[in-house]
Amino acid sequence: MNGNRVKYLLGIDGGGTKTEFLLCGLSGKEISRLILGGSNPVNKGAENTFAVLKNGIEQICSGFAYDEISVFAGIAGAKSGNNQKLINEFLSRFGFASYDCGSDIDLALEAALKGEDGTAVIMGTGIVAYARSGKKLHRAGGRGYLIDKGGSGFHFGSDALNSAFEFIDGRGGSETIFNLVEKRLGKKLDESVADIYSLGAACVAYFAPVIFEAFEKGDEAACEIIDRNAFEAAKVINGARRDLDSRSEKIVVCGGLCRQKDILYPFLMKHIEGNSALTFLDEPMVNGAVSLAKRRI
């Protein structure tokens, strides 16, 4: 690492649905921002992660000297298996002045808690929570869409698709949700099963907004889906906080579902244990990556 040469900071926030790149000066002033597709190696595979990172780095750093840039990449799934080691080895090839890789929760802890005690929850394509009290850190969730049970964009999207297919089949479901799903698809739902499976978790999470739109139309099925997912999300939050010294600390929700904060707030508060202040992160998590890039100079 050559911290004396650093003039720029590059933060990378890689999730299951999108990867955001933010290049800043040392003061934190934005120079360039770029959003590409998902880069979670657990869902997409390491080669896809490398392809997305390479594409983004080459685009956003075009015209800048790599040895004047400090980088931090927070990638969902990076701490599963040896992914963190592989991503760091990949970043080492560019000749950055400084580089490091962590998970998306590192970004959430940095951006949401800013060094204080509390609980950071990511409700994006997936869901994970980390509670911090002093030097103690406890995790709950974050095992991926095949294991985690609810509270993520994937699960909201899956519930939307399930309700739509139930309506088609005559098994119940919601006509409102069905119509909104087909509107979002732009074609017949029955014609899209193969596409949904081939595109995977990010495609399923794409339908999460349908549930909130249906809720605003007064749909009872959507209300039940939100409550059920909020209950599962609260279990993750409560689990993360259970073994810590204090259970009255703040809770900050990060990730794509923050866009639904006005609807989610009362449902989450109904199921969260203790007396805590629940807020939603108003800034992108990639800002946390930029901050961590600066810490590594």
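Residues in the range 85-101 that are crowded, with 24+ Cβ neighbours inside 10 Å and closer than 28 Å to THR279 by Cβ: CYS101 alone. Scanning the range 225-276 for residues that are under 26 Å from ILE75 (Cβ atoms), of a type in the set (D, E, K, R) and part of a helix (DSSP H, G or I) turns up GLU232, LYS235, ARG241, ARG259, LYS261. Scanning the range 268-277 for residues that are over 20 Å from the mean Cα position of the chain (by Cα) and either outside the structural domain of ILE127 (by TED's automatic domain parsing) or among the hydrophobic types (A, V, I, L, M, F, W, C) (or both) yields MET269, ILE272, ALA277.
Scan the range 7-17 for residues that are outside any strand (DSSP E or B) and at pLDDT 95 or above and jot them down.
Listed by number, the list holds a single entry, LYS7.
Might you let me know whether the range 56-77 holds any residue that is without any contact (Cβ under 8 Å) to a residue 40 or more places away in the chain and either closer than 13 Å to ASP104 by Cα or among the basic types (Lys, Arg) (or both)? No, there is no match, as no residue in the range 56-77 is without any contact (Cβ under 8 Å) to a residue 40 or more places away in the chain and either closer than 13 Å to ASP104 by Cα or among the basic types (Lys, Arg) (or both). Within the option set TYR99, TYR66, being in contact with a Gly (Cβ under 8 Å, 6 or more places away or on another chain) and aromatic (Phe, Trp, Tyr) holds for one residue only, TYR66.
Find the helices (runs of 4 or more DSSP H) located wholly in the range 20-96 whose residues include 2 or more that are modelled with pLDDT of 95 or more and under 21 Å from ARG296 (Cβ atoms), and list them. So the answer is 46-60, 83-91.
Pairing each residue of the range 79-105 that is touching a residue at least 24 places away in the same chain (Cβ under 8 Å) with any residue that is of a type in the set (Val, Ile, Thr) and surrounded by fewer than 16 Cβ atoms within 10 Å (Cβ to Cβ), provided the two are 6+ apart or on different chains, yields C-beta distances under 7 Å for SER98/ILE297.
The strands (runs of 3 or more DSSP E) located wholly in the range 102-195 that include 1 or more residues which are at negative phi, surrounded by fewer than 21 Cβ atoms within 10 Å (Cβ to Cβ) and not β-branched (Val, Ile, Thr) occupy 127-133, 136-141.
Considering only residues that are closer than 14 Å to GLY102 by Cβ and hydrophobic (A, V, I, L, M, F, W, C), which ones fall in the range 54-79? Result: VAL71, PHE72, ALA73, ILE75, ALA76, ALA78.
The values are calculated or read from the model by the stated rules, or taken from the named source; none is laboratory data. Computed from a predicted model, the values in this text were never measured in an experiment. All Cβ positions, even for glycine, are placed from backbone atoms using ideal geometry, and neighbour counts span all protein chains on display.
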